[in-house]
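The values are calculated or read from the model by the stated rules, or taken from the named source; none is laboratory data. The structure displayed is predicted, hence computed values, not measured ones. Glycine gets a Cβ as well: all are built from the backbone with ideal geometry, and neighbour counts include every protein chain shown. With ligands, DNA and RNA removed, areas are computed over all heavy atoms of the protein, side chains included. Shrake-Rupley method; radii C 1.70, N 1.55, O 1.52, S 1.80 Å.
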Amino acid sequence: MKITVNRNVILPPLQMLIGVVERRQTLPILSNVLIKLEKSQAIVTATDLEVEMAVTVGVSDGDGEEGRCTLPARKFVDICRALGDEVVLDMNVEGEKCVIKAGRSRFKLATLPADEFPNVGAVEGSLLFSAEETALASLFSATQFAMAQQDVRYYLNGMLLDLYPGEVRAVATDGHRLAVAKRELQVEIPDNQQFIVPRKAVMELTRLLVRENSKVAVYRSDKHLRLQTSDWVFTTKLVDGRFPEYQRVIPEGADKLVLIDREALRQALVRVSILTNEKYKSVRIVAERGVMRIQANNPEQEEAVEDVPASYDSEAVEIGFNVSYLLDVLSTVKTDNVEIRLSDPSSCCLIAGEGDDTCQYVIMPMRL
């Protein structure tokens, strides 16, 4: 099998799918990418058995030849990165080796049998919706930080997609905080549907969905989700579990409203957090008329206090939070001001951008 391709043509697709390849694999074949040659194009595929991505690359001098081979993914990408712009790669697969000639360079890579490369399988599902890449990515980026990581409650190690006719909601929680974002999209379903996308798939898709004015189609079967654009297909297994009833967590009785400059609050939290307890990262928030006071201390009896001007005219309330959770939200919200709704020291707070009901964030309090 022979393939001739420009380095600048094949490198971007390889960089797109390399994140799917795990560095530590129990199966050697999972460290490889599958290259399937079909006339004037090559389909390059990577998988970790949970997620699969296939990218189409235009090649020349195929002479109508068809064939398959696998190459060590990271070595192949590193070779392409190290080559100069516009260098042409001549790849020739013979037996268990692939010889790559590029300018004055020559590389011989070991291959593994293409028949051993796993196939997640075709997703014979129905179309859920089509959307702009950036619209779907904004849902993921607004909520992904709240996903759990390696939690024993495996259904939290991912993101819930909650679909209604005309609307998609993305929901993530680790049990201590909750992020909900919604967008109006042309969802082609008669009734509500819910499914959980695993954490790795969410992180990869957030990285992939970057093109404006480019559509992505979303399909679902019983156990898989497939996203497809004009030049790549991304398939992931769905998490088999029941996501918590997130709507019951959003506080309705938080009647104390603080309106505050987002960036001023964020910078104050960064400064005060320097003297927080390294283990618990807790800060004390005191909302008083016209001001929000942030306090932190640590076992060395050190203390930091900062006042931030705020619009607040209710009775004083004092509550503790994990400062990292607050900073994650403030780094995600896009509006200049944020609304913080409080009730009492033992209740959750609700944070949203001023006048923006598309994203809501709930943070549980900490005992001070």
- Task: Mind listing whichever residues of segment 267-311 are modelled with pLDDT under 95, touching a strand residue (DSSP E or B) at 6+ places or on another chain (Cβ under 8 Å) and on the phi > 0 side of the Ramachandran plot?
- Result: Lys281
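Quick grid of which residues meet (1) out of contact with any strand residue (DSSP E or B) (no Cβ under 8 Å at 6 or more places or on another chain); (2) within 17 Å of Asn6 (Cβ to Cβ):
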| position | (1), (2) |
| --- | --- |
| Glu50 | no, no |
| Met53 | no, no |
| Pro72 | no, no |
| Phe76 | no, yes |
| Asn92 | no, yes |
| Cys98 | no, no |
| Arg104 | yes, yes |
| Glu124 | yes, no |
- Apart from one, (1) more than 24 Å from Ala181 (Cβ to Cβ); (2) touching a helix residue (DSSP H, G or I) at 6+ places or on another chain (Cβ under 8 Å); (3) exposed (fewer than 14 other Cβ atoms within 10 Å of the Cβ); (4) of a type outside the set (Lys, Arg) all hold for Asp313; the odd one out is (2)
- Message: What's the total number of residues in segment 83-130 that are surrounded by fewer than 12 Cβ atoms within 10 Å (Cβ to Cβ) and under 16 Å from Leu11 (Cβ atoms)?
- Response: 3
- Task: Looking only at segment 302-325, count how many residues are in contact (Cβ under 8 Å) with a residue 60 or more places away in the chain and under 19 Å from Ala172 (Cα atoms).
- Result: 2
- Message: Could you go through segment 326-349 and let me know if any residue there is more than 28 Å from Val171 (Cα to Cα), part of a strand (DSSP E or B), more than 26 Å from the chain's Cα centre (by Cα) and of a type in the set (A, V, I, L, M).
- Response: no
- Please work out if Leu350 is of a type outside the set (Gly, Ala, Ser), buried (at least 19 other Cβ atoms within 10 Å of the Cβ) and within 19 Å of Glu252 (Cα to Cα). yes
- Task: With the checklist (1) in a loop (DSSP other than H, G, I, E, B); (2) farther than 23 Å from Ala146 by Cβ; (3) open to solvent by less than 90 Å² (accessible area, probe 1.4 Å) in hand, flag the one item Glu300 doesn't pass.
- Result: (3)
- Taking into account only those residues within segment 229-248 that are part of a loop (DSSP other than H, G, I, E, B) and open to solvent by 70 Å² or more (accessible area, probe 1.4 Å), which is nearest to Pro13 (Cα to Cα)? Ser230
- Query: Given the structure, is Ser221 under 23 Å from the mean Cα position of the chain (by Cα) and of a type in the set (Gly, Ala, Ser)?
  - Reply: yes
